[in-house]
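Contents: one structure, followed by commentary.
Just so it is clear, none of the values below were taken in a lab; they were calculated from the coordinates. Source: prediction; values computed, not measured. Every residue, glycine among them, receives a Cβ derived from its backbone with ideal geometry; neighbour counts consider all protein chains shown.
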Amino acid sequence: MQWTVRLEVRTSAGEVTTTELVTFSRPGVVSTLAEIGLMLAETKTLLAKLQASMLCGQVAAYAAHHRVCAACGVLQPLKDRRTRRLQTLFGTVEVEAPRFKVCRCRLTTPLAEVTVSPICALLTARCTPELERVQAELGARTSFRDGARILEALLPVSPANHESLRSRTHAVALQLEAADRQAAAEVTAVRDERDEAAAADGGRPVVMLDGAYIRAVPGHQVRNFEAICGKVEREGHATRRFALVRNVAEQPHALLRAALQGQGWREGEAVTAISDGDPALPALVRSATGGPVQPILDWFHLSMRVHHVEQVMRGLCALEPLPLVLPDHAQIDVERLRSLLWNGHHEKACEALGRIASWAKDAVVPNEPVAEATLRRLAARCAELRRYIENNEGALIDYGQRYRAGKPISTSRAEGTVNQLVNARMNKRRQMRWSPRGAHRVLQVRAAVLDGRFRQQAIQLAA
Ligand SMILES: [Zn+2]
């Protein structure tokens, strides 16, 4: 049996032409399942031929239209015929790009010869925007090599190499950043109190920030560099992710500002920032908003440090035989720590920590090296937690109250973002190494892809 695919083209003038695209053959009666239906290779040929035919037809019509002088309607003389190549998802197509001599009626000096190439004006890039986007999305989702293999396996696209994927991902990242800078510049200000109340209807925007380390390429000054990842959440709005490598981002605060703007935030409105105690993170939020920021120390990071104290205390109690008498107050103080901090009594927590630490330091356990070491560790952990609390005093809140009000108290969701944005793509286990610039750009596209922003207006703005 044979199947022939013919393409019927009808021009806007009503002319119809038919061309034969491909013919597929199979035995009259198939003998295996594999012979049934279209094959991938056939589909790729079909798509490539259809694309070439469509594209050449459109380009030819465009050239013919622009050959006519817009002023007097005369055909402009042909100067020469050149060709241009355009990469598409369905193959690279070579098109004719004729150059015309500009009509005499439009020349200021009659004897001069000026040529125009309408096709060059149409083909502003070497590839179609669709190919660029698909390559960038794959480059953000998976390794450049794997992305290139996927494309090559399924579509007649060429060239489908990893360098091409990388450069398209970078190009799209630059477009996204430009769109973010534009959005950041267009943030409107809150006009008055009533306006602010209306804006705050969906609750204050909450920015959750966290850092992640990425292995640097050899030859870079440092072994690892930091990427800041986060999420902006606000009731009634789709969550927005953002990520940046600070020293290579053109305007780091603009990326966060654009993310806030996407959540309906307006200049002058207060923002809550939850982070792990690194003072650089709320500072970034402050520089992005230029206004009031309520910093909150992430409960998870605080709770982890409490856990360290509890763990050492438990270890001490478990020693057999117990080498010393554990005073009740020490045990009670350790047990209270978590609830004191949870309920916003961080001063009392510091006092309790001081008591435990001084007891642990002064306790005497002759000839008991294990107990001795455990006590020293307990004192160290307590001092560590106390320092952490004191350093973050302005960012400690009544977590219980905030939690009961249904508001976020932890960056655990931001850590999820770190996993999604950084770890899943820049996997340390796979020994991937990155340049800060390369990582920053992939992160821009990846955040947009994961948000579902990728195909929306942001990228079209910049395209
Ligand atoms: Zn003319």
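So how far, in whole Å, is the C-alpha centre of the range 230-278 from the one of the range 105-135?
Comparing the Cα centres of the range 230-278 and the range 105-135, I get a distance of 40 Å.
Hey, if you put +1 on the Cβ of every Lys and Arg and -1 on every Asp and Glu Cβ in the range 191-321, which of Ala216, Ala249, Leu319 ends up farthest toward the positive end of that dipole?
Of Ala216, Ala249, Leu319, it is Ala216.
Is the chain rounded, prolate or oblate when judged by the Cα gyration tensor, a ≥ b ≥ c being the square roots of its eigenvalues, rounded requiring a/c under 1.5 and prolate requiring a/b larger than b/c?
prolate
Any idea how far the Cα center of the range 6-29 sits from the one of the range 137-191, in Å?
Using only Cα atoms, the two centres lie 35 Å from each other.
At a 10 angstrom cut-off on C-beta neighbours, averaged per residue, how do the peptides 325-332, 441-448, 402-409 rank from highest to lowest?
Descending packing order for the listed peptides: 441-448, 402-409, 325-332.
Can you tell me the dipole magnitude for the chain around its Cα centre, using point charges on the Cβ only (Lys, Arg +1; Asp, Glu -1), in Debye to the nearest 20?
My answer is approximately 1820 debye.
Got a sec? Which residues in the range 291-312 would a label at Asn419 touch, if it sits 7 Å along Cα→Cβ and we count backbone N under 20 Å?
298-305
Treating cross-link reach as a plain straight distance, find the aspartates and glutamates whose alpha-carbon is under 19 Å from the alpha-carbon of Lys101, omitting any fewer than eight places away in the same chain.
Asp80, Glu113
With the Cα gyration tensor of the range 197-316 giving a ≥ b ≥ c as the square roots of its eigenvalues, does the rule (a/c under 1.5 for rounded; else a/b larger than b/c for prolate; else oblate) give rounded, prolate or oblate?
oblate
Taking a temperature of 20 °C and a viscosity of 1.002 mPa s, what whole-number D in µm²/s does Stokes-Einstein yield for the range 338-427 with Rh from Kirkwood over alpha carbon pairs?
Roughly 136 µm²/s, to the nearest whole number.
Would you kindly state how much longer the chain becomes between Glu372 and Arg455 on full extension, computed as 0.36 nm times their sequence separation minus their alpha carbon distance, in nm to one decimal?
Extra length available between Glu372 and Arg455 comes to 23.7 nm.
What FRET efficiency would be calculated for the residue pair Val365, Asp278, taking the C-beta separation as r and a Förster radius of 56 Å, to the nearest 0.05?
After rounding, the FRET efficiency stands at 0.90.
With +1 assigned to the C-beta of every Lys and Arg and -1 to the C-beta of every Asp and Glu, and no other charges, what is the dipole magnitude of the range 132-256 about the Cα centre in debye, to the nearest 20?
580 debye
Just going by the charge dipole of the range 254-376, with Lys and Arg at +1 and Asp and Glu at -1 on Cβ, which of His308, Ala371, Gly291 is farthest out on the positive end?
Among His308, Ala371, Gly291, the one farthest towards the positive end of the dipole of the range 254-376 is Gly291.
Could the peptides 227-235, 39-47 be put in order, highest first, of the mean number of other beta-carbon atoms found within 10 Å of their residues?
227-235, 39-47
Can you tell me the convex hull volume per residue for the range 56-111, based on C-alpha atoms, in Å³ to the nearest whole number?
Spelled out: Cα convex hull of the range 56-111, divided by residues, is 89 Å³.
Counting other Cβ atoms within 10 Å, keep those with at most 15, restrict to DSSP loop, and tell me which GluC sites (Glu not before Pro) in the range 240-333 are left.
Glu250
Working out 0.36 nm times the residue gap between Ala13 and Ala61, then minus their Cα-Cα distance, what length gain in nm do you get to one decimal?
My answer for the length gained is 16.2 nm.
Compute, for the range 240-384, the length of the dipole vector about the Cα centre, with Cβ point charges of +1 (Lys, Arg) and -1 (Asp, Glu) only. Units Debye, rounded to 20.
480 debye
Towards the positive end of the charge dipole of the chain, with charges on Cβ (+1 Lys, Arg; -1 Asp, Glu), say which of Thr108, Val232, Asn343 has the farthest Cα.
Value computed over the given set: Thr108.
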